[in-house]
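See structure below.
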């Protein structure tokens, strides 16, 4: 199932955050492309991007802060999966996440606030039909478990 993730950011200000997602997608061998469109400021551009990719095997990862209408907007206009990964602002005490969580009925976007989590979710979608990606996801999970086991061993030795 060779596919691609479209990392759709609300503005160019989100690029650094999006590059963190891209770094993890590369670990899983998942192709990606960056795009910019705002649900509030350039809805026509967002709709054009959705139309351009509608018949392809893609997953959207949407990145927009403050009022994240982008994720729900994209989800309402595509049949492809949408993963919202909003950058959380300390300025709002994390309350900006609610614009990603409280969306209208009929919207099925997933939400994660960590770039790694967004990449893993996208990789797992592609892994349903791609054995190579499935194996890379499995290896990543095993490496995470191994890191935690080593940490446990180190900390437990401190108790003696």
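The values are calculated or read from the model by the stated rules, or taken from the named source; none is laboratory data. From a predicted model like this one, the values you see are computed outputs, not experimental measurements. Every residue, glycine among them, receives a Cβ derived from its backbone with ideal geometry; neighbour counts consider all protein chains shown.
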All but one of (1) loosely packed, with under 15 Cβ neighbours inside 10 Å; (2) closer than 25 Å to residue 126 by Cα; (3) modelled with pLDDT of 95 or more hold for residue 44; which doesn't?
(2)
Specify the residue that is modelled with the highest pLDDT; the eligible residues are those in the stretch 96-112 that are surrounded by fewer than 17 Cβ atoms within 10 Å (Cβ to Cβ), assigned to a loop (DSSP other than H, G, I, E, B) and in contact with a strand residue (DSSP E or B) (Cβ under 9 Å, 6 or more places away or on another chain).
107
From 64, 46, 122, 39, residue being touching a helix residue (DSSP H, G or I) at 6+ places or on another chain (Cβ under 8 Å) and in contact (Cβ under 8 Å) with a residue 60 or more places away in the chain:
122
In the stretch 11-31, anything under 15 Å from residue 70 (Cβ atoms) and not in a helix (DSSP H, G or I) is listed as 11
Would you mind telling me which numbered condition in (1) assigned to a loop (DSSP other than H, G, I, E, B); (2) over 17 Å from the mean Cα position of the chain (by Cα) residue 51 fails?
(1)
Take residue 55 and tell me if it is surrounded by fewer than 17 Cβ atoms within 10 Å (Cβ to Cβ) and closer than 30 Å to residue 135 by Cα.
yes
In the stretch 60-74, which residue that is surrounded by fewer than 24 Cβ atoms within 10 Å (Cβ to Cβ) and either within 13 Å of residue 5 (Cβ to Cβ) or under 14 Å from the mean Cα position of the chain (by Cα) (or both) is modelled with the highest pLDDT?
72
Take the stretch 11-52 and flag every residue that is touching a strand residue (DSSP E or B) at 6+ places or on another chain (Cβ under 7 Å) and farther than 23 Å from residue 135 by Cα.
11, 12, 14, 15, 17, 18, 34, 35, 36, 37, 49
Among the residues of the stretch 67-95 satisfying the criterion of being assigned to a loop (DSSP other than H, G, I, E, B) and without any contact (Cβ under 8 Å) to a residue 12 or more places away in the chain, which is farthest from residue 39 (Cα to Cα)?
93
